[in-house]
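The values are calculated or read from the model by the stated rules, or taken from the named source; none is laboratory data. Keep in mind that what you see is a predicted model, and the values were worked out from it rather than measured. Neighbour counts are summed over all protein chains in view; Cβ atoms, including those assigned to glycine, are modelled from backbone coordinates with ideal geometry.
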Amino acid sequence: MLSEQIAMAVGDAQDDEDSMELGIKAVMTAWHNAYGAQPAPHLQFIVGVVTPNIGHVLLCEPPATVIEGAPVAIGRGARAVEPFLDLQHRFLQDGSQPMRAALLRLAFLMYHAKKQEGSACGGDTHAVILPKNGIITFVNSEDMADAEDLARQVDELMVQTGKTAMSHLTEADQHTFVSGEFSKKYAALANRARELTFPSLVPLQLVVQQNEKPRL
């Protein structure tokens with residue numbers, strides 16, 4: 001019920017940032033106050049808003065917290081992924097890389113969430129893309145599963161590298177690992193990352209290309 005009211009508040013704001021924030025706070029405060037003396041449940045929402053004038057990610061928490069910023073994580077898995085959120089932060093700041101790269105990094109975060117909080121974050125990953133041009137696109141869970149398997153292998157190489165760097169091996173043995181096993185595994189993973197596709201993105205990419213204005 002509250003999520004629907006938040007969505008309605010965003011729609012009623014008509015592209016006005018201040019009205020949107022005030023509207024979200026109003027419905028959350030009313031929901032929270034309705035519990036009276038009883039403690040209200042602790043809830044958090046991530047709200048994505050994309051219109052011709054607005055493109056924001058909001059962290060909303062009753063009774064009246066609305067914080068803009070990206071990336072953001074909520075729920076049980078947040079603890080596991082927060083140390084790695086800088087991966088996406090740099091991507092969002094740069095803004096020049098394809099959304100496929102963002103999904104690969106998201107898969108890395110989801111892998112860690114499931115690895116450390118599997119009892120609460122297991123199952124399929126449901127990713128949603130909110131483009132400025134085109135329609136909302138849901139990424140197939142199979143596509144994300146392939147990316148998360150790649151993330152698992154990347155993580156395994158990171159762990160192996162850490163163990164080797166902090167071992168009793170001689171400098172010569174360290175060099176042999178870097179120039180041999182590490183180099184081969186890294187090249188194989190980088191090649192798989194380049195070749196990994198997200199078939200569910202094809203319709204969206206076609207729409208975006210059609211909507212793009214010719215560059216002079």
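Can we say residue 150 is in a helix (DSSP H, G or I) and either loosely packed, with under 15 Cβ neighbours inside 10 Å or modelled with pLDDT of 95 or more (or both)? The answer is yes for residue 150.
The residues in segment 153-175 that are loosely packed, with under 14 Cβ neighbours inside 10 Å and among the β-branched types (Val, Ile, Thr) can be counted, and the count is 2. Take the conditions (1) surrounded by fewer than 18 Cβ atoms within 10 Å (Cβ to Cβ); (2) in a helix (DSSP H, G or I); residue 31 misses just one of them, which is (1). Taking the residues in segment 34-48 that are touching a residue at least 24 places away in the same chain (Cβ under 8 Å) and exposed (fewer than 15 other Cβ atoms within 10 Å of the Cβ) as candidates, determine which candidate is farthest from the chain's Cα centre (by Cα). For segment 34-48, the residue satisfying everything is 43. Please enumerate the residues belonging to segment 49-90 that are in contact with a Pro (Cβ under 9 Å, 6 or more places away or on another chain), buried (at least 17 other Cβ atoms within 10 Å of the Cβ) and assigned by TED's automatic domain parsing to the domain that holds residue 19. Across segment 49-90, the qualifying residues are 57, 62. Within segment 155-187, the set of residues being among the aliphatic types (A, V, I, L, M), under 25 Å from residue 81 (Cα atoms) and in a helix (DSSP H, G or I) comprises 157, 158, 159, 165. Only a single item in (1) more than 11 Å from the chain's Cα centre (by Cα); (2) within 30 Å of residue 147 (Cβ to Cβ) is not met by residue 15, and it is number (2).
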